[in-house]
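As structure tokens, the structure follows; a few thoughts come after it.
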Amino acid sequence: MSGLPTSDAPSILNKSYSITADVTIPEGGGDGMLVTTGGRFGGYGLYLLKGKPVFLYNLVDMERFRWEGPEVLTPGKHTIVFTFQADGPGFGKGGAGVLKVDGTEVASQKIPHTIPIIMPWDETFDVGVDTRTGVEDNDYQVPFRFTGEIAKLTVNLQP
């Protein structure tokens, strides 16, 4: 699935959320976008870069926050989860993010702010590929199609 307008995408703005990707990594390693909303001027991406899981949060091209697992994922089935706990209700609050692989925490950090009002309107919600601009040009070039298989992707939004 790719190219959904951000207005039709699950909105992670101003709330706690989790994103879970059940994937199969092929022999020879996996690479590519699992899910993204936004791009160069704001948004997020959960992807594999040279086999390592990455969650990148682009704060309107002013600052980028990165959670990256230290290990290359082995071939086979894996569950990658990014969880964000917002600091409370209100626009643009910060919070704490945790990246886990197969139930084990691989990266965590707090961030001071998030995008307060709207994701870039000219970007899209994409699964398995990035159809517009990348959230981090230093990491990849679009379309950055995932080389493995995504069995299931779940976005869980907290009120």
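The values are calculated or read from the model by the stated rules, or taken from the named source; none is laboratory data. Please read all numbers here as calculations on a predicted model, not as lab measurements. A quick note on method: Cβ atoms are made from the backbone with ideal geometry, for glycine too, and the neighbour counts reach across all protein chains shown.
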Query raised in the report: Which one of these does PHE84 not meet: (1) in contact (Cβ under 8 Å) with a residue 40 or more places away in the chain; (2) in contact with a Phe, Trp or Tyr (Cβ under 6 Å, 6 or more places away or on another chain); (3) more than 14 Å from ILE12 (Cα to Cα)?
Result: (3)
Requested in this report: Test TRP121 against the criterion of being of a type outside the set (S, T, N, Q) and not in a loop (DSSP other than H, G, I, E, B), and give yes or no.
Outcome: no
Report task. Could you tell me which of the residues VAL155, VAL106, VAL135 is in contact with a Pro (Cβ under 6 Å, 6 or more places away or on another chain) and β-branched (Val, Ile, Thr)? Result -> VAL155
Query raised in the report: Given (1) surrounded by fewer than 13 Cβ atoms within 10 Å (Cβ to Cβ); (2) modelled with pLDDT under 95, where does MET119 come up short, assuming only one miss?
Result: (1)
Report task. Looking for whichever is outside any strand (DSSP E or B), aliphatic (A, V, I, L, M), modelled with pLDDT of 95 or more and under 16 Å from PRO143 (Cα atoms) here; the options are VAL72, VAL129, VAL35. Which one fits? Result -> VAL129
Query raised in the report: Restricting to the stretch 8-51, what's the tally of residues that are without any contact (Cβ under 8 Å) to a residue 40 or more places away in the chain and closer than 25 Å to ASP122 by Cα?
Result: 1
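Restricting to the stretch 87-110, name every residue that is closer than 25 Å to GLY32 by Cβ and touching a residue at least 40 places away in the same chain (Cβ under 8 Å).
Once the filter is applied, which keeps residues that are closer than 25 Å to GLY32 by Cβ and touching a residue at least 40 places away in the same chain (Cβ under 8 Å), the stretch 87-110 yields GLY97, LEU99, VAL101, VAL106, ALA107, SER108, GLN109.
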Query raised in the report: Say we look at the stretch 26-62 and pick out the residues that are aliphatic (A, V, I, L, M) and closer than 12 Å to MET119 by Cα; which of these is farthest from the chain's Cα centre (by Cα)?
Result: VAL60
**Report entry** Residue among GLY43, GLY30 that is in a loop (DSSP other than H, G, I, E, B) and not hydroxyl-bearing (Ser, Thr, Tyr)
**Finding:** GLY30
Query raised in the report: Under the condition of being at pLDDT below 95 and either touching a Cys at 6+ places or on another chain (Cβ under 9 Å) or part of a strand (DSSP E or B) (or both), which residue from the stretch 4-27 is surrounded by the most Cβ atoms within 10 Å (Cβ to Cβ)?
Result: LEU4
Query - Which listed residue is in contact (Cβ under 8 Å) with a residue 12 or more places away in the chain, β-branched (Val, Ile, Thr) and within 17 Å of LEU73 (Cβ to Cβ), from ILE150, ILE115 - result: ILE150
